[in-house]
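The values are calculated or read from the model by the stated rules, or taken from the named source; none is laboratory data. Predicted, not measured: the structure shown is a model, and the values here were computed from it. Note that each Cβ is placed from the backbone with ideal geometry, even for glycine, and that neighbours are counted across all protein chains shown. Accessible surface is based on the protein model in full, side chains and every heavy atom, while ligands, DNA and RNA are left aside. Shrake-Rupley method; radii C 1.70, N 1.55, O 1.52, S 1.80 Å.
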Amino acid sequence: MKRSTLCLFILFLGQFLTAQNKQYFGIVAGTDYLMRSHESIDDFYETDPNLHFRLGMNYSRQLSSNWWLGSGLRLTHFRFDTDDFHSSIYQQVISERFGGGGLTGEGEFEDSGIYRIQNTDYFAELPLMARYQLQESRPFYLEAGLGLLFYLSTHTRMDVFDEKENNWQRHSSDFIDHLMPSLRLSAGWCWPVGEGHGIFLQPSLRYFLPKNSGIRWWSAGLEMGYQW
């Protein structure tokens, strides 16, 4: 998978650099409703938060009258939240399969109390997209392609409510894919607001391809931004 992804990236990059047509830059922000499951993990993880956010920039270049090639760079995150739990029922709240590390296991807390653990994994996302637009004057378009997620770090936070303490740490997890591809499909609209400027809005679907075949991640979201 990594080798084929690299070859595809080189192919896209070669076409990207050799094209001599119109080009646009843009800033983009988006949110996703992320759904995840594992074949051996029960419904305890339904308390995990599902909304995740992205912020970054776009670059697109016209290849022909109907086709565009796009890329960019975004900062994104995935969060896993135990919600409030009692220490007497604490047992591997954040699974290592989901990136949890250092705060898992049974009997880690000696005293009874209410706890909450949040694990936030940060990624840099590189999208590689092909866009089809019927006419340049019409705002509607379709996009499809890949997204490459490069792991940056993990921020872990533990709230101890009885003691009113908050402990957090930033670390790197060996249980997270340091390069995770995803398949992307979008449909969007771009409205001109001036010569060479526009505002765009695009719903999108993503299907992630982690190394562990037992994990299934997919998301539906919305991106919006400004291009010039």
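Please specify each residue of the stretch 66-90 satisfying the condition of being open to solvent by 80 Å² or more (accessible area, probe 1.4 Å) and at pLDDT below 70.
Answer for the stretch 66-90, where residues must be open to solvent by 80 Å² or more (accessible area, probe 1.4 Å) and at pLDDT below 70: 88, 89.
In the stretch 47-65, the count of residues that are loosely packed, with under 13 Cβ neighbours inside 10 Å, at pLDDT below 90, of a type in the set (D, E, K, R) and assigned to a loop (DSSP other than H, G, I, E, B) is zero. In the condition set (1) of a type in the set (Val, Ile, Thr); (2) at pLDDT below 90; (3) exposed (fewer than 14 other Cβ atoms within 10 Å of the Cβ), residue 193 is compliant with all but (2).
Residue check: residue 185 meets all listed conditions (1) surrounded by fewer than 17 Cβ atoms within 10 Å (Cβ to Cβ); (2) at pLDDT below 95; (3) under 26 Å from residue 215 (Cα atoms) but one, namely (2). For the stretch 121-153, residues that are closer than 30 Å to residue 208 by Cα and modelled with pLDDT under 85 total 1.
Are any of the residues in the stretch 1-21 at pLDDT 80 or above and out of contact with any Cys (no Cβ under 6 Å at 6 or more places or on another chain)? For the stretch 1-21, residues at pLDDT 80 or above and out of contact with any Cys (no Cβ under 6 Å at 6 or more places or on another chain): absent. The set of residues in the stretch 102-120 that are modelled with pLDDT under 75 and open to solvent by 20 Å² or more (accessible area, probe 1.4 Å) comprises 102, 103, 104, 105, 106, 107, 108, 109, 110, 111, 112.
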